[in-house]
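The values are calculated or read from the model by the stated rules, or taken from the named source; none is laboratory data. Quick caveat, the model's predicted, so the values are computed rather than measured. Cβ placement follows ideal geometry from the backbone for every residue including glycine, while neighbour counts extend to all protein chains displayed.
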Amino acid sequence: MNTFKKILVSFVMAVALAAISANAFAVANPSYGDVKAAITNTLAKVEEAQAALNNGSNNDTLIDLVNEARQLQKDIANNVLDVKRNQASNVLKQVRSALQKNDVETAKTALADAVNRYKEIQQLYASTH
């Protein structure tokens, strides 16, 4: 009987621990407003980088703006948008790489592409919500 109680107590504790762990690691889905804000903020930062590039800002400033946009786009958490977000992020990587190589024309072309991609993401999200 004593062994049975030990097994029962161990089982109950294991179940309770599993329940606590599951709740601790649960990730809440971002709200519509959170995702919409992330898209808007990312697009604004990409457009800011595009304007800075067109105005002749130095490469370090431009790279910082592109890096900020890449960080902001990580908050675009939506299964429907993940593929498009990753593709747009890759375009931002191309912009950064072109800027590091001092290839302004490639950076301008890629940045215009990034703006269009984030606008498409914004429209897609708006049409599905």
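Of note:
- Tally, over the stretch 69-84, of residues that are out of contact with any Ser or Thr (no Cβ under 7 Å at 6 or more places or on another chain), closer than 22 Å to LEU111 by Cβ and not in a helix (DSSP H, G or I): 3
- Top-ranked residue in the stretch 85-115 [being touching a Leu at 6+ places or on another chain (Cβ under 7 Å) and not β-branched (Val, Ile, Thr); ranked as farthest from HIS129 (Cα to Cα)]: LEU99
- All told, ALA51 falls short of being closer than 20 Å to HIS129 by Cβ, surrounded by fewer than 20 Cβ atoms within 10 Å (Cβ to Cβ) and of a type in the set (Gly, Ala, Ser).
- Pairs with Cβ under 9 Å, 6+ apart, first in the stretch 17-42 and on the phi > 0 side of the Ramachandran plot, second in a loop (DSSP other than H, G, I, E, B) and at pLDDT 60 or above: none
- Within the stretch 52-83, being among the charged types (D, E, K, R) and either over 19 Å from ASN29 (Cα atoms) or touching a Cys at 6+ places or on another chain (Cβ under 6 Å) (or both) holds for ASP60, ASP64, GLU68, ARG70.
- Which listed residue, of VAL104, VAL83, is surrounded by 14 or more Cβ atoms within 10 Å (Cβ to Cβ) and farther than 16 Å from LYS45 by Cα: VAL104
- If you go through the stretch 85-129 and keep only what is assigned to a helix (DSSP H, G or I) and within 14 Å of ALA38 (Cβ to Cβ), you end up with ARG85, ALA88, SER89, TYR118, ILE121, GLN122, LEU124, TYR125, ALA126.
- Among all positions in the stretch 84-95, there is at least one residue which is modelled with pLDDT under 95 and within 17 Å of ALA126 (Cα to Cα).
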